Amino acid sequence: MTAAESTGIATRWRGLAGLVAILVAADQLAKWAVRSRLELGESVELIPGFLDFTRVHNSGAAFGLLNGVDVPYKAAGLAIVALVALVGVATYATALPLSDRLARIGLVCIVGGAAGNLVDRVVLGYVVDFVDAYWNGWHFWAFNVADSAITIGAALMILDILGVGKRHASGTL
């Protein structure tokens, strides 16, 4: 690999790291706005019958799993598990070829989202969730910007696995 190629690769990875930083900053800014304006459990109706901002604290894992479980060092344990997973995903991301753009963008979303929620776990001991989507009395789990980034990233990874956007040997999509 030439020095110019190496510099180009480093520049592209720095750009992706910048996107991760932007996702974490957007997530933390949104959570700060919710914490500064809403009390725990307080809601603001955005779209009647469909969408509210409701401040909730998730001391459990994804989708509130283990939220009601009270065990010693739960916050620290979940933070360690999240950190190990984050390092694993980030390590995998660095192994992806630069040509796998969809997968790399998906992983950037996953890493950014996971890092945003990890900041909450380390600093607050819980994750701030606030997007409350519902319909006819049925509520989806409350989520946040980081959760949205993780979900979008996972969808992009699935699309990549399915070959969306990749050219086959025949030259067709």
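Laboratory data are not the source of any read-out in this text; all were calculated from the coordinates shown. Note that the structure is predicted; figures quoted are calculated from it, not measured. Please note: Cβ atoms are built from the backbone with ideal geometry, for glycine as well, and neighbour counts cover all protein chains shown.
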Relative to a virtual label point 7 Å from the Cα of VAL164 in the Cα→beta-carbon direction, which members of the stretch 108-139 show backbone nitrogen distances below 18 Å?
108-111
Using a simple charge model, +1 on the beta-carbon of Lys and Arg, -1 on the beta-carbon of Asp and Glu, nothing else, what dipole does the stretch 3-161 show about its Cα centre, in debye to the nearest 20?
440
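In percent, what relative contact order does the stretch 3-161 have, based on Cα pairs under 8 Å that are 6 or more apart in sequence? Present the calculation step by step, with values, prior to reporting the outcome.
Values: 216 pairs, mean separation 47.9, N = 159.
Computed value for the stretch 3-161: 30 percent relative contact order.
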